[in-house]
1. Go through (1) buried (at least 17 other Cβ atoms within 10 Å of the Cβ); (2) more than 21 Å from the chain's Cα centre (by Cα); (3) at pLDDT 65 or above; (4) of a type in the set (A, V, I, L, M) one by one and return the number of the condition I309 breaks.
2. If D374 satisfies all but one of (1) out of contact with any helix residue (DSSP H, G or I) (no Cβ under 6 Å at 6 or more places or on another chain); (2) within 29 Å of K262 (Cβ to Cβ); (3) acidic (D, E), what's the number of the condition it fails?
3. Only one of A113, A76 is out of contact with any Asp or Glu (no Cβ under 6 Å at 6 or more places or on another chain), closer than 21 Å to D160 by Cα and surrounded by fewer than 24 Cβ atoms within 10 Å (Cβ to Cβ). Can you tell me which?
4. Out of (1) surrounded by 15 or more Cβ atoms within 10 Å (Cβ to Cβ); (2) modelled with pLDDT under 95, the odd one out for F324 is which?
5. When you check Y99 against the structure, is it under 15 Å from the mean Cα position of the chain (by Cα), without any contact (Cβ under 8 Å) to a residue 60 or more places away in the chain and closer than 19 Å to F393 by Cα, yes or no?
6. List pairs: first residue in the range 222-249 and closer than 19 Å to G174 by Cα and free of Cβ contacts under 8 Å to residues at least 60 places away in the same chain, second residue aliphatic (A, V, I, L, M) and crowded, with 17+ Cβ neighbours inside 10 Å anywhere in the structure, Cβ distance under 6 angstrom, at least six positions apart or on different chains.
7. If I go through the range 368-395 residue by residue, how many of them are in contact (Cβ under 8 Å) with a residue 40 or more places away in the chain and within 20 Å of the chain's Cα centre (by Cα)?
8. For L343, which of the numbered conditions (1) free of Cβ contacts under 8 Å to residues at least 24 places away in the same chain; (2) over 25 Å from P74 (Cβ atoms) fails to hold?
Amino acid sequence: MNIFADLLLINVMNYRLTLITIFLTVLLFSKTEGIFAQTSTSGANYVSTAVPFLTITPDSRAGAMGDAGVAISPDANSMHWNPAKFSMIDGNYGIAASYTPWLRDLVDDMSLAYLTGYYRLDKNQVIAASLRYFSLGQIIFMEGAESIPQAQNPNEWALDFAYSRKLSDNLSGGIAFRYIRSDLTQSQYVAGVETKAGNAFAADISVYYQTKFRRNRKDMIWSWGMNISNIGSKISYTTDDEKEFIPTNLRLGSALKFELDKYNSLTIAADFNKLLVPTPINGSLNNDHQDGNIIVRGETSNKSVVGGIFSSFSDAPGGMAEEFKEIAWSMGFEYWYQNQFALRTGYNYENTEKGNRKYFTAGLGVKLNMFDLDFSYLIPSSQNNPLKNTLRFTLIANLDKIVK
């Protein structure tokens, strides 16, 4: 258990939150269903990281398609899913803003805000930037039973810059650079230990391919994408040498868009995700150790970032069977009528022993003259799930049309 468990379980008081809610919120808010399922699931071995807010879906379109976004058609929100898609986008510039109230069944002031935009340099090159801001709302900190309560607003944010280039008519590549700042403690002292805001740098490497063809007199577009995101430094919240992995992630996916007739089209997409960080032993990143004559498998928190990436494919204590359980998948559908009105739905699956997030999604989209509006809604597959009633709202400004 790191220092933040002590901070939140001992020193944080807020009349709106129970201790389990605070613990859930700050440490693993992207694994909410898994935390609640852990008490009843035998053999659970969750892979967790610092700054999990980086893995939360920020936009409504992919959020309505079960979080499947690495290979769907490019839009202004491609930064999170696959920066390589930007050079394949229609248009010269655009911006988008998204807002997600987070865990509103538990707290009333936690949210994720996302602002992104792109600019075309020429027919082959596009640059883009985004800002992701996660607010944990107001939390009351106390250093002791007799200390004066202090209201603080812990927050985390990430600033991204990306470059995307066409490598051919069908293939593009992209790279993104990211600065991450996570201020969970507001520099409070915990059990006499000084804490600080965590800082990290990371990069994404991505590829996108699409090809257009006709089949049975219908236009079709097939695409696939890959994004290795958050390849970067570990993050620390104290002045000692204890550091935690950030959520380095491998995302692979494919999508097929086809005409139903001249007014209607349908897209089917699927994504696969795997965290490229060490798998813990019994929920803790302890050193490999020897039990009698048996070497217990697992990785250490002091493993290098590169070493953690490569070993993440073979370090699970349960062998390859457990490695496959660490792959989460999602599937989404997008229906368009006259390229103006969209209906979307999807499903996201995570193994019971690796987080247990399972939910359906649904959403709507509408293209106006100069703006696009998107909305999504999350429907958990289990009751009493803190992710239920998650809403997302996105507004995209088509600057090409506005300028004209």
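The values are calculated or read from the model by the stated rules, or taken from the named source; none is laboratory data. What you are looking at is a predicted structure, and each value in this text was computed from that prediction instead of being measured. So basically every Cβ, Gly included, is an ideal-geometry build from the backbone, and we count neighbours across all protein chains shown.
1. (2)
2. (1) is the only condition that D374 fails.
3. Testing whether each residue is out of contact with any Asp or Glu (no Cβ under 6 Å at 6 or more places or on another chain), closer than 21 Å to D160 by Cα and surrounded by fewer than 24 Cβ atoms within 10 Å (Cβ to Cβ) leaves just A113.
4. Among (1) surrounded by 15 or more Cβ atoms within 10 Å (Cβ to Cβ); (2) modelled with pLDDT under 95, the lone unmet condition for F324 is (1).
5. no
6. Cβ pairs passing all conditions: I228/L250.
7. Result for the range 368-395: 17.
8. The number of the failed condition is (2).
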